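The values are calculated or read from the model by the stated rules, or taken from the named source; none is laboratory data. Source: prediction; values computed, not measured. Here the Cβ is made from the backbone with ideal geometry for all residues, glycine too, and neighbour counts use every protein chain on show. When the accessible area is computed, the model is the full protein with side chains, heavy atoms only, and any ligands, DNA or RNA have been set aside. Shrake-Rupley method; radii C 1.70, N 1.55, O 1.52, S 1.80 Å.
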Amino acid sequence: MYRLILCLLLGMGLQVRAQDTLQLHPDLRLIALGPHTWQHTSNSIIEPWGKVSSNGLIVVDQKEALLFDTPMEDSLTERLLKYLREDWKVQVKAFVPNHWHDDCVAGMDVLQAQGVPVYTLATTNAILRDHQLPQADFTFSERILLRAGNVDVLCRHYGAGHTVDNIVTFVPADRVLFGGCQVKSVHATSLGNTADADLATWPHTIARIQVAHPGIQIVVPGHGGASGQEALDHTLHLLKAH
């Protein structure tokens, strides 16, 4: 009954309660962040850290959806896409990864095989090509504005950080920013994987994000729980400490 009511609310564009959670699988859940925005969180084994949770975003309105980042397991990407199509009965109009690492793009080929068009930053696509990974259907040079129903979503590259190509995704209607691995959880004690990071540029990139989006209320990091703008401040603190 709860699922039916939730589907009706989504279909009519009405609000859901923030932090409502849907458990789709022991390793996959959805968390409501606002009327149109959901965080998807999945668990995967990432060595040497063991079991790690990774976040992505879903924006839904008027039977249309946009997906940002995929689970690392193909089976979880398939489950998520099937749930959106069959339970919520929405068309997934586009997929955009935050950057080129597996915790963003691992399920990209699964989505393409099922007809979901993929958009990436041109730099991301070049790196994917260099690593002989699946290619995007469309690329953009700095920013792209997408729409699910009547809800606009801005994806923009503000500079290097966790990787040279990481972008952030902003949903103005819900004041949600998906920072991906560019932004650390307020509970993070380190910068995590910095193998491909630009540590010198990263603080300046975070500062540009803060200036560009002063009204954000919810910040979703690539790993860990969502919070407010303090996640950006905490990321700067970790960078300074590093």
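Some points to look at:
- Summed over region 62-75, residues that are open to solvent by less than 10 Å² (accessible area, probe 1.4 Å) and farther than 13 Å from VAL105 by Cβ total 2.
- Subset of region 75-96 [under 26 Å from PHE140 (Cβ atoms) and either in contact with a Pro (Cβ under 8 Å, 6 or more places away or on another chain) or part of a helix (DSSP H, G or I) (or both)]: THR77, LEU80, LEU81, LEU84, ARG85, LYS93, ALA94, PHE95
- Candidate set from region 10-42 (those that are at pLDDT below 95 and surrounded by 16 or more Cβ atoms within 10 Å (Cβ to Cβ)); member that is nearest to ARG79 (Cα to Cα): LEU10
- No other residue among LEU154, LEU145 is surrounded by fewer than 19 Cβ atoms within 10 Å (Cβ to Cβ) and out of contact with any Ser or Thr (no Cβ under 9 Å at 6 or more places or on another chain) apart from LEU145.
- Filter result for VAL220 (modelled with pLDDT of 95 or more, closer than 18 Å to ALA32 by Cα and not in a loop (DSSP other than H, G, I, E, B)): yes
- Within region 105-172, strands (runs of 3 or more DSSP E) holding 3 or more residues that are closer than 24 Å to LYS63 by Cα and under 18 Å from the mean Cα position of the chain (by Cα): 143-148, 151-156, 168-171
- Candidates are the residues of region 104-124 that are in contact with a strand residue (DSSP E or B) (Cβ under 7 Å, 6 or more places away or on another chain) and open to solvent by 20 Å² or more (accessible area, probe 1.4 Å); the one that is nearest to PHE68 (Cα to Cα) is TYR119.
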